[in-house]
Amino acid sequence: MATKQEKINAILNDLKMATADIQGLGVISPDGMMIADQLGGNQGDATAAMGAALGSLAKRVTTTLKVGEFQEVNIRGSNAGILLFDIEGRAALILTVSKGANLGLVFLEARQAQEQLAQTI
Amino acid sequence: MTNITKENFDKAKNFYNFDTLYAPVLPGLKATVMKHQDAITDAFYKELANDEIAAKIVAGRVDQLKATHKVWMEELFNGEYGEAYFNRRYKIGETHVKAKIAPYFVEVITSSLRRSFAQILVAEGAVAVQAALAILDLDAMIIIGAYHEDRMHRMSDVTGMNLNLLETLMSFG
Ligand code: HEM
């Protein structure tokens, strides 16, 4: 039987294969630890901590402004984008996407992965 | 409370070998210090009264505070500096945090207490002064620790970031 880690990696692999617009991806804990890292590069620890910070703050703002349940953060940089999806407060899925990415497709695929991760983690 | 202040308290005691070098000396200093307790406490509140903000904080309850201050000072020399001691001191810290007394005041008053203790104990020799200053420093560390922890908790509440995450983030600074 596959371990939890293997299941998480399999979900990330599928997501990465879905569209070439996804450059890197990872799953992070609310403590800012990397649970699964396919981001590439050597920024994993900092990305995990900052991603968790982003998610926590976004959740806090969502609650304060009473706009329902926190779902995702979408950051657009001049060279690429960063997306962060909440996984029921237990973790977050972080993606880096290319400039001019087809966000419709990326969101569709990422939300599916989000659901699968929620069942796994 | 997280464990950080307690850990620092235990580490500091080990660092300057408090339990061996100073804890056994302190009960022997109690009589001398308590002989001057009224004067030390009066000086403590006189200094606070000179500051506009501090004066307002203690206004109307100086006598009651002097009584709690006396108990606090006696306990410095009881010879027991374990978990129960730490918990009592941490509660004192929390009381000051809740009363919104700026930690600055605790720092300056501790400095003033250090000078008073040194003056009173100088005739008893270097170890006596060192022991009294060592326990004062530990007390200040605990009280200031309570302030530090309160700030971290408030930061955590306002940002939604848990305490572990805040510590991790600061490690990148
Ligand atoms: C080393 C410095 C200090 C020590 C050892 C000390 C000691 C104490 C103690 C033992 C108590 C009673 C705590 C309790 O009931 O839990 C207390 C309460 C209090 N202290 Fe201090 N104190 C210090 C500094 C200060 C300063 C600088 C101020 C004011 C500027 C201050 C103002 C007060 C007030 C207002 C209370 C009562 C708080 C309340 O019950 O709401 N203290 N202090």
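Tally up the residues in region B:1-16 that are of a type in the set (S, T, N, Q) and either outside any loop (DSSP other than H, G, I, E, B) or modelled with pLDDT of 95 or more (or both), please. It would help to see each step written out before you state the result.
In the first step, residues of region B:1-16 are kept if they are of a type in the set (S, T, N, Q); the result is B:2-3, B:5, B:8, B:14.
Next cut, either outside any loop (DSSP other than H, G, I, E, B) or modelled with pLDDT of 95 or more (or both) only: B:5, B:8, B:14.
Final tally of qualifying residues: 3.
Which one of these is farther than 16 Å from B:Gly160 by Cα and either open to solvent by less than 60 Å² (accessible area, probe 1.4 Å) or basic (Lys, Arg) (or both): A:Ser98, A:Ser29, A:Ser56, A:Ser78?
Numbers: A:Ser29 fails: farther than 16 Å from B:Gly160 by Cα; A:Ser56 fails: farther than 16 Å from B:Gly160 by Cα; A:Ser78 fails: either open to solvent by less than 60 Å² (accessible area, probe 1.4 Å) or basic (Lys, Arg) (or both).
It is A:Ser98.
Return yes or no: is B:Val71 within 9 Å of the ligand (Cβ to nearest atom), assigned to a helix (DSSP H, G or I) and exposed (fewer than 12 other Cβ atoms within 10 Å of the Cβ)? Step through it out loud before you land on a result.
Details: within 9 Å of the ligand (Cβ to nearest atom): yes; assigned to a helix (DSSP H, G or I): yes; exposed (fewer than 12 other Cβ atoms within 10 Å of the Cβ): yes.
The answer is yes for B:Val71.
With in contact with a Ser or Thr (Cβ under 7 Å, 6 or more places away or on another chain) and more than 14 Å from every other protein chain (Cβ to nearest Cβ) as the only criterion, which of A:Leu105, A:Leu95 stands out?
Answer to the check: A:Leu105.
Considering only region B:14-37, state which residues are open to solvent by 70 Å² or more (accessible area, probe 1.4 Å) and among the charged types (D, E, K, R).
Those that are open to solvent by 70 Å² or more (accessible area, probe 1.4 Å) and among the charged types (D, E, K, R): B:Asp19, B:Lys35.
Which one of these is within 14 Å of chain A (Cβ to nearest Cβ) and either among the hydrophobic types (A, V, I, L, M, F, W, C) or without any contact (Cβ under 8 Å) to a residue 12 or more places away in the chain (or both): B:Ser111, B:Ser156? Step through it out loud before you land on a result.
Values: B:Ser111 fails: within 14 Å of chain A (Cβ to nearest Cβ).
That would be B:Ser156, the only listed residue that is within 14 Å of chain A (Cβ to nearest Cβ) and either among the hydrophobic types (A, V, I, L, M, F, W, C) or without any contact (Cβ under 8 Å) to a residue 12 or more places away in the chain (or both).
B:Ser111 passes all but one of (1) closer than 25 Å to B:Met34 by Cβ; (2) touching a helix residue (DSSP H, G or I) at 6+ places or on another chain (Cβ under 8 Å); (3) modelled with pLDDT under 95; which number fails?
For B:Ser111, the exception is condition (2).
The values are calculated or read from the model by the stated rules, or taken from the named source; none is laboratory data. Since the model is a prediction, treat every value here as computed from it, not as a measurement. Glycine gets a Cβ as well: all are built from the backbone with ideal geometry, and neighbour counts include every protein chain shown. Ligands, DNA and RNA are excluded from the accessible area calculation, which covers all protein heavy atoms including side chains. Shrake-Rupley method; radii C 1.70, N 1.55, O 1.52, S 1.80 Å.
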